[in-house]
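Colleague: Below is a structure I'd like to ask you about.
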Amino acid sequence: MDLDGYLLLPAPAEPHSHADTALSADGSGPVSCGPEDVQRRATEAALLQLGHGATVSRAHVRVGDVQELGALAAVLQARRSLRGLTELTTVAMPRLLTGVAGADGLAMLRDAMKMGASVVGGCPDLDPDPTGYAETVLELASEHGCPVDLHTDAADPARLSRLAAMAGGLRPGVTLGPCGGLGRLPAPAAARVADQLAAAGVTVVCLPQGGCGSAERRGTAPLRLLRSAGVRVAAGSGALRDVANPVGRGDPLEAAYLLASRHGLRPEDAYDAVSASARAVLGLPEVRVEAGFPAELLAVRGDRLAGALSLSYSRIVVHRGRVVARTSAVREYCDSAAAPELGLPRQGRGEGP
């Protein structure tokens, strides 16, 4: 394969997507939650992310309530249909887990794990007893030996401290996101929480695009504070054209661009958040552009990472050593009197986007 003019990178990963609601804002009329429609949207969203370079995605899927296990079954079917193209892992998300109403949620969560969900998740902030919710999730994850991935705004430092204390010994690990509330805490309180999360080995997945799980946008986690405390920070896309975010591209490089442009990360650190750190969140082996490492690669037009994060339309995606997606872009300009005088090309040069 000729990659002249391309920059070869470890492929990014998508650590936080919502496959059951993705692309639901694109249609007109009420959103269909039927299995075929959920599977179609989940498949389309995964392929969209793959085209941008993400060869693996973690999808949060609601269980219980009206949809029971139907949405999860549809996303699991999408995962099977995508085998060989991209990897899709699922997080089971019950709404309630405590009190009388939580009994059904817990039973549904256990059934979800038996069906094939690989991560225990949910949103403690929505439960009347957030600490009890988190305890239940951690206990079930310990029983199954699986990871935990919880949605939280992280606006309550006392609750976060308790969660960090509970999560400390759990393997294969605990992830929290998007944690936008951390950025609204007083600096000393946020610093204490960051130290506790680092000591417990908890990973934070931020969502630079904003918007996840509700229509209210609540900011982004304080990346520099978390990183300086030693917390592993990854970045995801979150909501994709649904009620929480009616727009979005599901592009890891866009997330990295926002980390660099809005939060001051170096391009290398920003890309690490959507590649190496994101893969670590998913429990995947390290990828390097070297012999002996998994052939999960992304080739983008250009010669520098900063340029790739800014203008990276043409891409070649490699999964398990095989080209699985290719995007080519050609830019042409209309005739201009200035073009001959300045030596400008009619068509964008090969080293461009």
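Colleague: Loop-only trypsin sites (Lys or Arg not before Pro) in the range 288-325, please: DSSP not H, G, I, E or B, and at most 15 other Cβ atoms within 10 Å. Write down the numbers at each step before the final one.
Modeller: Values: sites: ARG288, ARG301, ARG304, ARG315, ARG320, ARG322; in loops: ARG288, ARG304, ARG320.
In loop regions of the range 288-325 (DSSP not H, G, I, E or B), the sparsely surrounded trypsin sites (Lys or Arg not before Pro) are ARG288, ARG304, ARG320.
Colleague: Roughly how big is the chain's charge dipole about its Cα centre, with Cβ charges of +1 (Lys, Arg) and -1 (Asp, Glu), in debye to the nearest 20?
Modeller: Numbers: 35 positive and 38 negative charges, 92 e Å.
The dipole of the chain has a size of about 440 debye.
Colleague: For a quick check: with amide H placed at 1.01 Å from N, whose amide H comes under 5 Å from GLY64's, ignoring anything fewer than 5 positions away on the same chain?
Modeller: Excluding prolines and chain starts, which carry no amide H, the hits are LEU69.
Colleague: Once both labels are modelled 7 Å past Cα along the beta-carbon direction, what's the ARG262-ARG320 spacing in nm?
Modeller: Label at ARG262, label at ARG320, 3.5 nm between them.
Colleague: Which order do peptides 145-155, 85-95, 192-202 fall in by mean Cβ count within 10 Å, highest first?
Modeller: Details: 145-155: 22.4, 85-95: 24.5, 192-202: 20.2.
The most tightly packed comes first, giving 85-95, 145-155, 192-202.
Colleague: Right, something else. Out of all DSSP beta bridges with both ends in the chain, state the antiparallel percent to the nearest 5. Don't skip to the answer; put the middle values down first.
Modeller: Values: 17 of 43 bridges.
That works out to approximately 40 percent antiparallel.
Colleague: Under the rule of -39500 (n - 2.57) per DSSP H run of 4 or more residues, summed and divided by the residues of the chain, what mean residue ellipticity at 222 nm is obtained, to the nearest 500 deg cm²/dmol? Numbers along the way, then the final one.
Modeller: Working: 12 runs with 131 residues, N = 353.
Result for the chain: -11000 deg cm²/dmol, rounded to the nearest 500.
Colleague: What whole-number value in cubic angstrom gives the convex hull volume per residue for the C-alpha atoms of the chain? Intermediate results must be reported in sequence, preceding the final value.
Modeller: On the way: hull volume 53.9 nm³, N = 353.
Normalising the Cα hull of the chain by residue number yields 153 Å³.
Colleague: Using θ = phi - 60° and the Karplus form 6.51 cos²θ - 1.76 cosθ + 1.60, what ³J(HN,Hα) does each residue of the range 279-291 get, whole Hz, x for Gly and Pro?
Modeller: 5, 5, 4, 7, x, 9, x, 5, 10, 10, 7, 8, 5
Colleague: Using a 7 Å offset from the Cα along the Cα-to-Cβ direction at both CYS334 and ASP104, what is the distance between the two label points in nm, to one decimal?
Modeller: 6.1 nm
Colleague: Let me ask you something else. Could you let me know the centre-to-centre spacing of the range 1-52 and the range 120-139, using Cα atoms, in angstrom?
Modeller: 28 Å
Colleague: For the range 11-281, with the dipole built from +1 on Lys and Arg beta-carbon atoms and -1 on Asp and Glu ones, taken about the Cα centre, which of SER28, PRO186, THR89 lies farthest toward the positive end?
Modeller: Result: PRO186.
Colleague: Quick one: which residues, 5+ away or cross-chain, put their amide H under 5 Å from the amide H of THR152? H built at 1.01 Å from N.
Modeller: Answer set, sorted by chain and number: GLY177, CYS179.
Colleague: May I ask you to compute the full-extension gain from ALA306 to SER32, defined as 0.36 nm times their residue separation minus their alpha-carbon distance, rounded to one decimal in nm? Numbers along the way, then the final one.
Modeller: Numbers: separation 274, 0.36 × 274 = 98.64 nm, distance 4.03 nm.
Fully extending the segment from ALA306 to SER32 adds 94.6 nm.
Colleague: Output the 0 to 90 degree angle, nearest 10, between the alpha-carbon long axis of helix 35-52 and the longest principal axis computed from the alpha carbons of the chain.
Modeller: In the chain, helix 35-52 runs at an angle near 50 degrees to the longest axis.
Colleague: Separate question: Once label points are set 7 Å from the Cα along Cα→Cβ at both ARG171 and THR131, what is their separation, rounded to one decimal in nm?
Modeller: Here the modelled spin labels are 2.8 nm apart.
Colleague: Determine the gain in length on full extension of the stretch THR327-TYR313; use 0.36 nm per residue of separation and subtract their C-alpha separation, reporting nm with one decimal. All intermediate terms of the calculation are to be shown ahead of the outcome.
Modeller: Working: separation 14, 0.36 × 14 = 5.04 nm, distance 0.71 nm.
Gain on stretching THR327 to TYR313: 4.3 nm.
Rule-based calculations on the coordinates, nothing more; no lab input. Keep in mind it's a predicted model, so treat the numbers as computed, not measured. Neighbour counts run over all protein chains shown; Cβ positions are idealised from the backbone, glycine included.
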